């Protein structure tokens, strides 16, 4: 996120899974605007090793940030990845 120098607004940062415990940060003062991306470091269950496909959510991509360089270590899962191998029951 770039610093804009504006007055920060207090936000609650939540995850995407519609659960009451899906908090990433509460009462965070940020100078964020619609469309900004936030980097959430050490996000526990959102990291690959503790993630799940609950609510048919694909796992996020994993990236390595090395100074001003960014490398994709693992691509995000697509919906097609989630349903690969599933079979419909025959009548």
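Just so it is clear, none of the values below were taken in a lab; they were calculated from the coordinates. Bear in mind that the values here come from a model prediction, so they are computed numbers and not experimental data. Neighbour counts are summed over all protein chains in view; Cβ atoms, including those assigned to glycine, are modelled from backbone coordinates with ideal geometry.
Subtracting the Cα-Cα distance of residue 38 and residue 75 from 0.36 nm times their residue separation leaves 11.5 nm of extension gain. Counting beta carbons within 10 Å around each of 9, 56 and listing the fewest first gives the order 56, 9. Here the calculated FRET efficiency for residue 82 and residue 30, from their Cβ-Cβ distance with R0 = 30 Å, stands at 0.40, rounded to the nearest 0.05. Once the Cβ-Cβ distance of residue 68 and residue 9 is raised to the sixth power relative to R0 = 30 Å, the FRET efficiency obtained is 0.60. Dimensions of the chain based on its C-alpha atoms, expressed as ranges along the principal axes with the largest first, amount to 62, 34, 22 Å.
Going by neighbour counts of Cβ atoms within 10 Å, the residues 10, 17 line up, fewest first, as 10, 17. Among 46, 54, sorting on how many other beta-carbon atoms sit within 10 Å of each Cβ, with the fewest leading, yields 54, 46.
Per-residue ellipticity at 222 nm from helix content only, as computed over the chain with -39500 (n - 2.57) for each DSSP H run of at least four residues, stands at -1000 deg cm²/dmol.
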